[in-house]
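Accompanying notes for the structure given below.
Every number in this text was worked out from the coordinates using simple rules, so none of it is lab data. It should be emphasised that the depicted structure is a prediction, and the values quoted were computed from it without experimental measurement. Every residue, glycine among them, receives a Cβ derived from its backbone with ideal geometry; neighbour counts consider all protein chains shown.
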Amino acid sequence: MIKAPVSNDLFLRAQNSIPGGVNSPVRAFRAVGGNPRFIVSAKGPYMYDEDDNRYTDFINSWGPMILGHAAEVVQEAVQQAIPNSLSFGAPTRKEIEIAELIVSMVPSIEKVRMVNSGTEATMSAIRVARGFTGRDKIIKFEGCYHGHGDSFLISAGSGAITLGVPDSPGVTKGTANDTLTAPYNNLDAVKTLVDAKKGQIAAIILEPVAGNMGLVTPAEGFLQNLRALCDKEGIVLIFDEVMTGFRLAPGGAQELYGVTPDMSTLGKIIGGGMPVGAYGGKREIMEYVAPAGPVYQAGTLSGNPIAMSAGMAMLTYLKEHPEVYTQLRNTTDKLVSGMEQNMQQLGLNFTVNQIGSMFSIFFTQQAVTDFDSAKTSNTAFFGRYFNAMLDRGIYLAPSQYEALFVSTAIGEEQVSQYIQANLESLKEAQQG
Ligand code: PMP
């Protein structure tokens, strides 16, 4: 059993000056019980807390650290950039280089605008889609999370569902009315909405692989059918690849599934751990963005030179080392088959969803294909399992409604440690 007295004290202290003691809700461990660990440093597969405990990390800063923590290629690029000053608020050569690199990697992107988070990317993308089409409404899917922009906090996944506020107070009725929702993987529901609001839908936005209700993959033909529907109805199809971009393939889920949206949003890996997001798409749509066009979007720190250096190093590495994706998949396959054996041995009801280096366990016997089926998972069991894993030095996402992300720093040793801890933790969770 890992002890964390310093983290416990810090969490008490944090609550006096920070809402809930954290700067992003899920970090508070509310859904799983217990106190969060305050992290001091991380290297490769490991994170170290204020009590000198070591954890093998399966979240990797919620996705960005695909090469493990403090990857040398990224660290060196940042160190080289720092002496030139931290921000200019004026254009730099690096911004062109990273834009060209993104255009070369992501099939849908002909032009791209850098922002500072995934939230900014999705908020901006729907504004541009609205400006481009002259329409107001958008369709999103239940359990998908697109950041905390008002328009998206309707049936939202991730922390919003973990904390039981899928429809956040503070979002005006007017805004909420412009967001229509459909169950994930349900084309008929989308068609019904489109027919009911003929000529009013600006955009359909989705995670092409959903990671924010736990991991849910698109059903056969779902993405292709949405593409065809959008073409027919003049709707802008937006893939939110904040999680999946550069993770499932160098060109993200759109490359993997061979479906090209009109616009894409990016975050996480694109900044190599620095706060970066981006949105991009077809030339004629992106020409609507100021100052080329009338749709306003701006950022004091956008294209920040340090963040661009980290992102450039990360993306260049991934583009030049496509074997990374095979390695990540092989590692994740081993984790998943080990877990499946454990759960069968213990006679547990479970579903494991996996694609490439993303996976989730749901404690349910149902297939998990949408938000409703995700919610059949036994979350009390998940909470016990999470804490038992933490006690064994394995750091998972502290919520059922999140995906796990494997990094290249996870090797044979960490895989064995994980599978052993999984068996023991499941047994412990079964005891109640
Ligand atoms: N879209 C998706 C698919 C995400 O997973 C997230 C964050 N997990 C966001 C948008 C929001 O990104 P950020 O937290 O950087 O604002």
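If only Cα atoms are counted, what is the Rg of the range 261-345, and what is its Dmax, in Å?
Gyration radius and largest Cα-Cα distance of the range 261-345: 18.8, 61 Å.
What whole-number distance in Å separates the alpha-carbon centres of the range 81-101 and the range 11-61?
Centre-to-centre (Cα) distance: 31 Å.
May I ask for the longest run of the chain untouched by chymotrypsin sites (Phe, Trp or Tyr not before Pro) that are loop-located per DSSP and have at most 14 neighbouring C-beta atoms (other than their own) within 10 Å?
89-295
Relative to the present Cα-Cα distance, how much length would full extension add between Asn177 and Glu284 at 0.36 nm per residue of separation?
Residue separation times 0.36 nm, minus the Cα-Cα distance, leaves 35.7 nm.
Counting only DSSP beta bridges with both residues in the chain, what percent are antiparallel, rounded to the nearest 5?
55 percent
Which whole-percent values make up P(r) of the chain when all C-alpha to C-alpha distances are grouped in 10 Å steps starting at zero?
Calculated over all Cα pairs of the chain, the distribution is 5, 22, 32, 27, 12, 2, 0 percent.
Using 0.36 nm per residue, how much length does the chain from Glu100 to Thr376 gain when fully extended, once their Cα-Cα distance is taken away?
Using 0.36 nm per residue and subtracting the Cα-Cα distance, I get 95.0 nm.
What FRET efficiency do you get for Asn16 and Ala90 if R0 is 56 Å and r is their Cβ-Cβ distance, rounded to the nearest 0.05?
0.90
Using a Förster radius of 35 Å, what is the FRET efficiency between Glu320 and Ile82 based on their Cβ-Cβ separation? Nearest 0.05, please.
Approximately 0.90, to the nearest 0.05.
Would you calculate the separation in nanometres between label points at Gln417 and Gln341, each defined as 7 Å from the Cα along the Cα-to-beta-carbon direction?
2.0 nm
Suppose the chain between Leu187 and Gln430 were pulled fully straight at 0.36 nm per residue; how much longer would it get relative to their current alpha carbon spacing?
Computed gain between Leu187 and Gln430 is 83.7 nm.
Run the reach check for Lys375 against aspartates and glutamates, Cα to Cα strictly under 14 Å, same-chain hits fewer than 8 apart removed. What comes back?
Glu142, Glu402
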